[in-house]
Each structure stands twice: as C-alpha cells, then as structure tokens.
1. How much of the DSSP bridge set in the chain is antiparallel, in percent, rounded to the nearest 5?
2. Using Cα-Cα distances under 8 Å and only pairs 6 or more residues apart, what relative contact order does segment 199-254 have, in percent?
3. Towards the positive end of the charge dipole of the chain, with charges on Cβ (+1 Lys, Arg; -1 Asp, Glu), say which of Cys48, Gly314, Val388 has the farthest Cα.
4. Counting only protein heavy atoms and a 1.4 Å probe, tell me what percentage of the chain's accessible area is made up of carbon and sulfur.
5. Specify which residue in the list Ser241, Pro208, Thr219 is farthest towards the positive end of the charge dipole of segment 196-270, using unit charges on the beta carbon of Lys, Arg (+1) and Asp, Glu (-1), about the Cα centre.
6. Putting +1 on Lys and Arg Cβ atoms and -1 on Asp and Glu Cβ atoms, find which of Gly197, Val98, Met279 reaches farthest to the positive end of the dipole of the chain.
7. Spit out the partnerless Cys residues in the chain, using Cβ distances under 4.7 Å as the pairing rule.
8. How high is the relative contact order of segment 254-327, in percent, counting Cα pairs under 8 Å that sit 6 or more residues apart?
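The values are calculated or read from the model by the stated rules, or taken from the named source; none is laboratory data. Predicted, not measured: the structure shown is a model, and the values here were computed from it. Cβ: placed from backbone, ideal geometry, glycine included. Neighbour counts: every protein chain shown. Heavy atoms of the whole protein, side chains included, go into the accessibility calculation; ligands, DNA and RNA do not. Shrake-Rupley method; radii C 1.70, N 1.55, O 1.52, S 1.80 Å.
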Amino acid sequence: MPRHYYITTFGCQMNKADSERMAGVLEAMGLEPVAEPDDADVLLYNTCTIRDNAEQKLYSYLGRQAKRKHQDPNLTLIVAGCLAQQEGEQLLRRVPEVDLVMGPQYANRLGELLEQVWQGQQVVATDPLHIVEDITKPRRDSTVTAWVNVIYGCNERCTYCVVPAVRGQEQSRRPEAIRAEIEELAAQGYKEVTLLGQNIDAYGRDLPGITPEGRRQHTFTDLLYYIHDVPGIERIRFATSHPRYFTERLIRACAELPKVCKHFHIPFQSGDNEILKAMARGYTRERYLQLIETIRRYMPDAAISADAIVGFPGETEEQFQRTLDLVAEVGFDQLNTAAYSPRPNTPAATWENQVPEEIKEDRLQRLNHLVAAIAKERSQRYLGREEVVLVEGVNPKDSQQVYGRTDGNRLTYLPGDIETLRGQLVRVRIIEARAFSLSGVPLAEHSLVGS
Ligand code: SAH
Ligand code: SF4
Ligand code: F3S
C-alpha cells in the first residue's frame, strides 16, 4: 500500500483548488505528503493546457518520473487536470508509464479511480460527468484564506480558449452548499474566501428558479448577498469576471457589502474592437471602459486587474496599439499578459493569419514594459496611507517579516512575528511602494483591527 504522495500543480486558481481537494482525498486514504517528489510513491501532476508552454513543462517533469518507475514499479503516476482531459488516451500512448489520466471533473473521485489502479488497471477518466457535491475535505495550503468553487466549467466560446473543451459545461453549486462550506471554513478559523469560477458572473444560470419579479432566482449578485454575513469571515474575493456579464447590480452589491474586497479581476484580452469580435468576446472596448468607469464611480479606489493577449491571429500593429492605450487609459493595478498560443480544437488555431512569433514576443515585451511602469505609478497612491493587511505567512526572504494582502490585493510586507499575527487583520502605514508589492509598519495603537 503506497504511503507518500506529492502533487505538482500547474495553471490557474481552479487547478489549485482541485489539487487541495485531491490532496484531501489522498489523506483520507491514509497517505501523507512529502517534501520531495522523489520520496513519493504516488505522484500527481495537475496539469494546464491554456498555452503551449504549460504543456511542454509537464512533459519534461513527467519524463523524469516515468524513468524512475522502471526502477520502482510501485510508483503510481497520475496525470490530472486540463491537459489530461485534452489528451485522454493519447497521453498513455505518449507516456505509457502513467497509471491514471483524469479530467478536472473527476477531482472528487480520485479515491475510486485509485482503487481501480491498485487493482492493476490503467485508467482514463475523461467522460463528461456531473460533479458530485463536495463530500471530500480539501487539504488546504493556507489556514487563513481559502478557495471556494461556486461554478465549474464555462459555456463561452472564446475562439482562442481550450477551457470550455477541457472543463466542460457550466455547473453551479447550490447556494446552500456554498454557504455551508464557508461556515465550516469560518469555524476552522479562516478569515478570507475567494469564490471561484471561470466566468463567475454566469453563476446560477443553470440552476432552476425565477423570482416573482420574473428575474432569474440565482445570480452571482444574489449569492454574494446570501453568503456575505457568515460570522468570522472578514473578506470575500472572487474571480474571474467577464466584462459582458458584470452588471451594475453586482457593482452596487460590491460597494455596499463591506466584506467584499474592492478588487476586481476583469480580463479585457484586447483593446481593439475587431480583435474582440474575432475572439468572440461579446463586448466592445467602449463597453469595457464604461464598466471600469461605473466601478470607479461606486468605488473610486477599487483595484482593477485583468488579462490580455497579444498577437491574436490577424492583429496589426495598429490594433496592438489600441491594447496599449487601453492599458494606459485604465491604469491597471496588475495585468497578466500572454502571447497568443494556438490550442488544439479551437477555431483561432486554424486561421491562416497567424502572427509570427518574433512579433508576438516583441509586442509582449512592449506591453509588459508599459504595465510595469503603470503599476509602479499606481502603487504610489498607497505611500503614506493606512491600509489593513490580512497576514498570511512569513516573508521567505526575511524571517523577521510577515506578508499579507491589502483589501485591494496588494502583496504587503511588514515586520512582525507570524505566530502572533497569522490570520490577523493588521492596520499598517505604507512606507514603501514597488510596482507589485508594498512595505508597511504596524500602527502603534490598536493595530489589530477589531480586537
Ligand atoms: N475565464 C477567464 C480566463 C481563463 S484563461 C476569462 O474569460 O477571462 C486565463 C487567461 O489565459 C485568459 O484570460 C487569457 O488572457 C489567457 N489565454 C487563454 N487562452 C489563451 C491562448 N490560447 N493564448 C494565450 N493566452 C491565452
Ligand atoms: Fe475561456 Fe472565454 Fe470561458 Fe474565459 S470565458 S474560460 S476565456 S472561453
Ligand atoms: Fe489551465 Fe485549466 Fe486553468 S487550462 S488556466 S488549469 S482551467
């Protein structure tokens, strides 16, 4: 019977949350985590396929462990997540040492699948599945902040994106189940939850129910009102928002509910209307700017972050320039940027007007340069200000310091002892502002908020 497991996680928050659930399953089966992959007899790779480089990385890791399996036949190799879903059986043909290939919808069922493996089968689990309500107890990495899935899958069809193909149809969890999970987190001492969905604003559209006014009964806004007052939870975050579905009603709810952090992650992808149309995003640059304006009207200091893609098929220099000026106009606190990467089974990958790699790289660099300059400038507004930091851990580079995040999601360092500060909301004065992080000092009196 295997004893020790190690999980390597690639990709987004969704995968991190799935890995925590799968770790929970393994621990319920009596396995223990180890610090080094080479010491494990169950190795799980939770994979991502959003861009080609994520895929390449997996194969290089996997190759090494597949060799180890020749010396140690008891090693169990699992490939889970989005690349596993995409490749299915083909993955076994490419790396026959793998024991189990399982798509993201099977995370909660890892236990049953492993039983089959240990009876001597090679298993591929990628058929679409109704995700069972969370009976598993995740083994969470943090004791302060926790992910809470609210909707799985994605029904959008952005022409560059593999997510709908690998994560499947939208499946919303029942509000009662979500609230119960948050209540349990609060009872365990968690202070912050991040509600997760690929397109979180789609929450509830697959659940039945119409209000007497003829409105859909279950929307993300309703969910926020329903869960916001769980005692003990001090902060609520959510991601990812789709510009098309971000309503004024939701903005009002965020402004009104004190525990909802004033940070919004709203990818725009491109600043050019033709490119947006080719991406099938369903909104225009003007509509996006209007959304940001409305958010700032309700919450002038809201932090805004986003994702953008450069070098989408057909993108001209002029169209790229429109992405640059959108970035300058909005003034993002943070922006995740990527060069377009053609993905299997997506429409854009088959188009002939692909942009050459050198041009994509050049645009990516120019965009990143602008992003860093703007983030640095945006950071300055924090200097001298009082902020409240929820302390999460020790600064890995300086054991005298702890780190946490401000309401606006800025990583912030402050002097202090983790044993007394972990999970505390600390009032600090910001004394240093870098592009993507801050340093602060605790305010002498009443620095612990609410105690
Ligand atoms: N659901 C979210 C994004 C999920 S994927 C949304 O709708 O915005 C995370 C990010 O990866 C995307 O926002 C996009 O910027 C990037 N991305 C997705 N597919 C990509 C591709 N084929 N090439 C490059 N970047 C991609
Ligand atoms: Fe992909 Fe678009 Fe769905 Fe986001 S909304 S996950 S980019 S298809
Ligand atoms: Fe990657 Fe899957 Fe997330 S493809 S970005 S891990 S949804």
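1. The answer is about 35 percent antiparallel.
2. Value for segment 199-254: 43 percent.
3. Projecting each Cα onto the dipole axis, the largest value belongs to Val388.
4. About 49 percent, which is the carbon plus sulfur part of the accessible surface.
5. With unit charges placed on the Cβ atoms, the residue in question is Ser241.
6. Looking along the dipole axis, the top candidate is Met279.
7. Cys12, Cys48, Cys82, Cys154, Cys254, Cys261, each lacking another Cys Cβ under 4.7 Å.
8. Dividing the mean separation by the residue count of segment 254-327 yields 44 percent.
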